[in-house]
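The values are calculated or read from the model by the stated rules, or taken from the named source; none is laboratory data. Please read all numbers here as calculations on a predicted model, not as lab measurements. Neighbour counts are summed over all protein chains in view; Cβ atoms, including those assigned to glycine, are modelled from backbone coordinates with ideal geometry. We work out accessible area using only protein heavy atoms, side chains counted, and drop any ligands, DNA or RNA first. Shrake-Rupley method; radii C 1.70, N 1.55, O 1.52, S 1.80 Å.
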Amino acid sequence: VQLQASGGGLVQTGGSLRLSCAASGRTFSNYAMGWFRQAPGKEREFVAAISWSGGSTSYADSVKGRFTISRNNAKNTVYLQMNSLKPEDMALYYCAARSASWTSNKAPEYVYWGQGTLVTVSS
């Protein structure tokens, strides 16, 4: 699976962005999908995940109530709607695919990774 993330950019505190991750190469609906992020000087951390069907989602506590993950299997795309952005959300955001139907918050369980899209939040 090849993953292409997009939608990052510069936004003010309190603003919104929607990230997209387009998949190609294999049957997208066979994979659970996740979003991770990495800020400068910090380790990569889990943000959100969605099951293959979209029926189950999970979130990091730091983004619950502000971020929403969704997917459109007909378009081979997963989204991350980010609202009420904070300076601490600033990071390089990666989408990833897991060869399983259910969600996981563990990066090593994801096999395929996109190149990352940068989110910058100004205070």
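Here are the numbers for this structure:
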{"quantity": "Residues satisfying the stated conditions in the range 1-28, i.e. among the small types (Gly, Ala, Ser) and surrounded by 24 or more Cβ atoms within 10 Å (Cβ to Cβ)", "calculated": "Ala23"}
{"quantity": "Pair list, Cβ under 6 Å, 6 or more apart: the range 15-34 residue more than 11 Å from Ala96 (Cα to Cα), other residue assigned to a loop (DSSP other than H, G, I, E, B) and open to solvent by 30 Å² or more (accessible area, probe 1.4 Å)", "calculated": "Ser16/Asn83; Arg18/Gly7; Leu19/Gly7; Ser20/Gly7; Phe28/Asn73; Phe28/Asn76; Ser29/Trp52; Ser29/Asn73"}
{"quantity": "The lone exception for Gly55 - which of (1) touching a strand residue (DSSP E or B) at 6+ places or on another chain (Cβ under 8 Å); (2) surrounded by fewer than 17 Cβ atoms within 10 Å (Cβ to Cβ) it fails", "calculated": "(1)"}
{"quantity": "Residue match in the range 29-40 (condition: assigned to a strand (DSSP E or B), open to solvent by 40 Å² or more (accessible area, probe 1.4 Å) and over 15 Å from Val78 (Cβ atoms))", "calculated": "yes"}
{"quantity": "Residue selected from the range 70-79 under the condition in contact with a Gly (Cβ under 8 Å, 6 or more places away or on another chain) and not hydroxyl-bearing (Ser, Thr, Tyr), by the criterion surrounded by the fewest Cβ atoms within 10 Å (Cβ to Cβ)", "calculated": "Asn73"}
